[in-house]
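What follows is one structure encoded as structure tokens, with my remarks underneath.
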Amino acid sequence: MKRSWFVPDQQAVLSYIGLRRSVGAIGTALPFVLPLGTVALFTMDLPSSLSGYYYTGMRDVFVGSMCAIGVFLLSYKFGRPDNWLGTIAGVSAIGLSIFPTTPGGNPTPTRWEHAAGVLHLVFAAVFFVALAIFCLFLFTRTGPDGTPTDQKRTRNVVYRICGWVIMGCLVLAVVAGVGLGTDLKAELRPLFWLESVAVLAFGVSWLVKGETLFRDQPESR
């Protein structure tokens, strides 16, 4: 039987498990790829935040990765809450990549740079909060039978840890931004470390949800 041009190849359709793994892989790799690539390829000083890589030679990697995460999240379809939250997180991921953070080396940013920086912070905050909600409330749900397996309980522990780590990093980022002086922030780079930990937690949670880790064993017949 000849295949119609209008009938999609089912093997070419990305499953939600594949989407979860893709999102998790990008999120897990990003905190390592950006600094290592900057040091190895461009031999320049590292920025004070992950968002600051927009102004380095790794800008295309940063923007491309966030846009890819955004597209994957927009394509993620599972349940109605997941769809809505995925859309919000996806739009936020693309938004924070389009609107760069305020340049760190410019003490008097232009009006556009200031506006873009504010939008970047808003999109970043919404993005991380949405990811934390995924971990704490959506990923921890149990199937229709209501009886979680031992592996599911382990996964729920990982999800909750990742969710609270993301929220904790957000709170600490605000505290560091307000409470630390300019020189101390330049020396310690707290925003870079907190963003890296939050993104890493986000990546791990999605890898686990994509059945890469702690997957249920098939039932024996």
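Applying the criteria of a DSSP loop state and at most 15 other Cβ atoms within 10 Å to the trypsin sites (Lys or Arg not before Pro) of region 56-142 yields K77, R141. Under the criterion of Cα pairs below 8 Å and six or more residues apart, the relative contact order for the chain equals 28 percent. Between P100, P144, P31, the residue with the greatest mean-square fluctuation in the GNM of the chain (Cα pairs under 10 Å linked by springs) is P144.
With all protein chains present, how much of the accessible area of the chain (probe radius 1.4 Å) comes from carbon and sulfur, to the nearest whole percent? Taking all protein chains in place, the chain shows 66 percent carbon and sulfur surface. Here the chain is treated as an ellipsoid with the same Cα gyration tensor; its semi-axes, largest first and in whole Å, are 34, 21, 16. Restricting the calculation to alpha carbons of region 159-214 gives Rg and Dmax of 13.6, 44 angstrom. Ratio of Rg to Rh for region 103-221, alpha carbon only, Kirkwood? Ratio value, two decimals: 1.14.
Taking the centroid of alpha carbons for each part, region 78-92 and region 145-221 are 18 Å apart. Counting only protein heavy atoms and a 1.4 Å probe, the chain has 59 square angstrom of accessible area per residue.
With the charge dipole of the chain set up from +1 on Lys and Arg Cβ and -1 on Asp and Glu Cβ about the Cα centre, the Cα lying farthest toward the positive end among the listed residues S205, L170, T140 is that of T140.
Using only side-chain charges placed at the Cβ, +1 for Lys and Arg and -1 for Asp and Glu, the dipole size of region 92-221 relative to its Cα centre rounds to 240 debye.
The values are calculated or read from the model by the stated rules, or taken from the named source; none is laboratory data. Every value quoted in this text rests on a predicted model; they were computed, and no experiment measured them. Glycine also receives a Cβ, built like all others from the backbone with ideal geometry; neighbour counts cover every protein chain displayed. Side chains are part of the model used for accessible areas, which takes the heavy atoms of the whole protein and leaves out ligands, DNA and RNA. Shrake-Rupley method; radii C 1.70, N 1.55, O 1.52, S 1.80 Å.
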